[in-house]
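The values are calculated or read from the model by the stated rules, or taken from the named source; none is laboratory data. Source: prediction; values computed, not measured. Note: ideal-geometry Cβ built from the backbone for every residue, glycine included; neighbour counts use all protein chains shown.
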Amino acid sequence: MNFLSNLQEPVHTDCRWYRGHLPCKPHKEHGVHCDGCKYYEPTVGDILIIKLGAMGDVMRTTPLLRRLKKDFPHHRIHWLTDFPDAVPGSPWVDHIYKLDTRSMVQLEQIHFDRLFCLDKDPEAAAVATKLDAHKKYGYVIHNGVVHPFGIEQFSKQAAQHKWLTGLFDDLSKANTLSYQAEAFAICGYEFSGEEYIMPSPVAHGFDLPPLGKRIGLNTGCGGRWSTRLWPEEHWVSLIKLLQAKGYSPILLGGPDEDERNKKLHAETNAVYYGTMPLNKFDSLLSEMDVVVTAVTMAMHLAIGRQRPLVLFNNIFNRHEFELYGRGEFIEPDPPCKCYYAQSCQYGGCMQNLAPERVTAAVERIIRK
């Protein structure tokens, strides 16, 4: 009993660092206890973001944290996602959850002051409906059907706008708001150019070309939207045009692009480091002076790392993508008719995007 009485001391369960089942970070690093702890940071409530996927969409939702941390500096921020590695941790997000049974058991025991559901799929909306929150924004589900929802009229209208543009192609084509502007509006805010939040790049010590601007060429487009794929012969022509101007093209891509990039390397001698883990790929991309890519993960990494960007676009509404004034869209001429199509019905519109136009776009960005 004497031993037990010696263990009685105050514990700040409202502290931002409190974990309950594990020692907190200040204790591990400095050996402090709650009583008199100079790292004590009391919190007054909880906020939940539900943004499950895709990974790139999770990344381009991170600018919202800048506004939430400004308006709610003493709240704990929680994030539920399918891609925990894409969500920034402390000091931006206090608790990151992957959607599974264990996470739901925990989340069901929290009363949230605000809950932001930014996914329109039934799974996310069902979670938003189930959890307890004083104010909910975004999407909920009724009788198995997703509906836009919002406490304030502005946020509800924004959720309805995003909902309708996902249902009807003509409304989607007419949209002039970026993804970030839509997400901020759903949460009751106006987007003001807030940047992605990214972890510090991991140093990997690439043997980079010593001469010429480094032009990263991400040659793939992902497996889902093959309509975005640029022909290999165009990549060859672009590489040779860039080399003739004294630039250093560097081939980028993942496992799906490996065979293509090896062929391009063999034909042009463009630098290619092979496939690599995402954090190493991110580190390499952050070393580029300009990145040329379709709408892929490389696009999001380039935007997040504030790298100048030449963005191929053919099947999407270009207004959806926020380039923060550091990039340029380049599209086929004549324009593609396959809006959000996974295969081209007109013979391959990307054939009509000439390498000379891409080279000119790269040079315009470098001159800036």
Does I197 qualify as being of a type outside the set (G, A, S), modelled with pLDDT of 90 or more, touching a Pro at 6+ places or on another chain (Cβ under 6 Å) and assigned to a loop (DSSP other than H, G, I, E, B)? yes
Within region 263-278, is even one residue over 19 Å from V362 (Cβ atoms), charged (D, E, K, R), touching a strand residue (DSSP E or B) at 6+ places or on another chain (Cβ under 9 Å) and at pLDDT 95 or above? no
What are the residues in region 132-173 that are assigned to a helix (DSSP H, G or I) and under 20 Å from D46 (Cβ atoms), if any? S155
Breaking point among (1) assigned to a strand (DSSP E or B); (2) surrounded by fewer than 20 Cβ atoms within 10 Å (Cβ to Cβ), for T129: (1)
Check off (1) touching a residue at least 24 places away in the same chain (Cβ under 8 Å); (2) farther than 21 Å from H300 by Cα for D82 and give me the number that stays unchecked. (2)
Taking region 174-189 and keeping residues out of contact with any strand residue (DSSP E or B) (no Cβ under 7 Å at 6 or more places or on another chain) and under 20 Å from K136 (Cβ atoms) leaves E182, A183, F184, A185, Y189
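Rundown of residues vs (1) touching a residue at least 12 places away in the same chain (Cβ under 8 Å); (2) surrounded by fewer than 16 Cβ atoms within 10 Å (Cβ to Cβ); (3) within 19 Å of the chain's Cα centre (by Cα), yes/no style:
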{"position": "P249", "(1), (2), (3)": "yes, no, no"}
{"position": "D256", "(1), (2), (3)": "yes, yes, no"}
{"position": "Y272", "(1), (2), (3)": "yes, no, no"}
{"position": "S283", "(1), (2), (3)": "yes, no, yes"}
{"position": "T293", "(1), (2), (3)": "yes, no, yes"}
Give me the residue from region 281-327 that is at pLDDT 95 or above and of a type in the set (K, R) and, out of that set, farthest from G205 (Cα to Cα). R326
Working carefully through the options L118, L107, L167, find the one that is surrounded by 14 or more Cβ atoms within 10 Å (Cβ to Cβ), of a type in the set (A, V, I, L, M) and more than 17 Å from L68 (Cα to Cα). L107
State all residues of region 164-222 that are without any contact (Cβ under 8 Å) to a residue 24 or more places away in the chain, of a type outside the set (D, E) and under 26 Å from W92 (Cα atoms); if no residue qualifies, say none. S192, S200
Lone qualifier among V11, V93, V58 - being in contact with a Phe, Trp or Tyr (Cβ under 8 Å, 6 or more places away or on another chain), touching a residue at least 12 places away in the same chain (Cβ under 8 Å) and farther than 28 Å from K156 by Cβ: V11
Condition check: within 20 Å of the chain's Cα centre (by Cα), surrounded by fewer than 21 Cβ atoms within 10 Å (Cβ to Cβ) and either of a type outside the set (S, T, Y) or more than 30 Å from L164 (Cβ to Cβ) (or both). Does V236 satisfy that? no
